[in-house]
1. Which residue, of Pro109, Pro136, is assigned to a loop (DSSP other than H, G, I, E, B) and at pLDDT below 95?
2. With the requirement that a residue be part of a helix (DSSP H, G or I), among the hydrophobic types (A, V, I, L, M, F, W, C) and crowded, with 16+ Cβ neighbours inside 10 Å, what does the stretch 26-42 give you?
3. How many residues does the stretch 175-217 hold that are of a type in the set (A, V, I, L, M, F, W, C) and under 24 Å from Cys13 (Cα atoms)?
4. Could you list, in sequence order, all residues of the stretch 210-239 that are within 17 Å of the chain's Cα centre (by Cα) and basic (Lys, Arg)?
5. Output the residues belonging to the stretch 84-108 that are under 16 Å from the mean Cα position of the chain (by Cα) and farther than 15 Å from Tyr54 by Cβ.
6. Restricting to the stretch 43-97, name every residue that is in contact with a helix residue (DSSP H, G or I) (Cβ under 6 Å, 6 or more places away or on another chain), surrounded by 21 or more Cβ atoms within 10 Å (Cβ to Cβ) and in a loop (DSSP other than H, G, I, E, B).
7. Got a number for residues in the stretch 208-221 being buried (at least 18 other Cβ atoms within 10 Å of the Cβ) and farther than 23 Å from Ile123 by Cβ?
8. Can you tell me how many residues in the stretch 8-25 are assigned to a helix (DSSP H, G or I), within 23 Å of Gln230 (Cβ to Cβ), in contact (Cβ under 8 Å) with a residue 40 or more places away in the chain and not aliphatic (A, V, I, L, M)?
Amino acid sequence: MKTVMTDYGTAICSLQADLFEYTREQLNALALQMPDGESTCVALSGGSTPKNFYEFLAHHGGGNLVLERLRWTTSDERVVPIEDEQSNFGQAQRLFFKPCHIPSRHQLPWPTQEPSAASAESIAKSFQEQLKTFAPKGIHTCFLGMGDDGHTASLWPGCPLLKGNPSEGPHFAATLWPQRGWRLTITPAGLHACRRILVLVAGHNKAVTLKKLFNGNSGYPIEVLKPIAQKVTFLIAAEAWPV
């Protein structure tokens, strides 16, 4: 593995399978070392790279896999029922939670089952209240991805949630993404409150985005991680490494 320190966190580059194994080991260690393991919360993300990671976990399940001791949610979500193929939590549930036998009591989906009965804003507020009971110490490890446009979670370019003091405000909110509709997401304040952040990046087209980011002043939403770089690790597949 190649490791480089950047202004946005530690960047680790390797083959995707090696990064997945590294991440699995890190999560297993977290599950074993936390004395209050049942309330230690991990927030997952959506997208194709997490999908591949879930399939990796399911394939390598059992043995020293102790992830059922942790609690799980997602860092952002679409306003759709869990059964919908676009649901980030639904994807994690189908490909990871069920094959790896994660207890339902250790899973917290966003309350989107009846999206027509509540506004996106009220769903975000309800989720934040539910998380206080589900994981009193908040999110320990938050997984993020990064789009070609530098977005992370559902913090899109020009998103109003990126304005103001990034350490203040609610930890979760709804945001209306132009041309994509309402999204539910962790906010900059929510990211500041996490103890660790892992950013999974794969795909040849991400190399240009990362190069601009690591060179500074890209204007990308993912720059929100710069003030908390000490707890951020980028896990970058070899083809996405900026050269």
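1. Numbers: Pro109 fails: at pLDDT below 95.
Residue meeting the stated conditions: Pro136.
2. Within the stretch 26-42, Leu27, Leu30, Ala31 qualify.
3. Filtering the stretch 175-217 for residues of a type in the set (A, V, I, L, M, F, W, C) gives 176-177, 182, 184, 186, 189, 191, 193-194, 197-202, 207-208, 210, 213-214.
Cutting the leftovers down to under 24 Å from Cys13 (Cα atoms) gives us 191, 194, 197-202, 207-208, 210, 213-214.
Residues in the stretch 175-217 being of a type in the set (A, V, I, L, M, F, W, C) and under 24 Å from Cys13 (Cα atoms): 13 in total.
4. Answer for the stretch 210-239, where residues must be within 17 Å of the chain's Cα centre (by Cα) and basic (Lys, Arg): Lys226, Lys231.
5. Passing the criteria: Gln86, Leu108.
6. Gly46, Leu70, Val79 - these are the residues of the stretch 43-97 that are in contact with a helix residue (DSSP H, G or I) (Cβ under 6 Å, 6 or more places away or on another chain), surrounded by 21 or more Cβ atoms within 10 Å (Cβ to Cβ) and in a loop (DSSP other than H, G, I, E, B).
7. 4
8. 2
The values are calculated or read from the model by the stated rules, or taken from the named source; none is laboratory data. What you are looking at is a predicted structure, and each value in this text was computed from that prediction instead of being measured. Here Cβ is always computed from backbone atoms with ideal geometry, including for glycine, and neighbour counts include all displayed protein chains.
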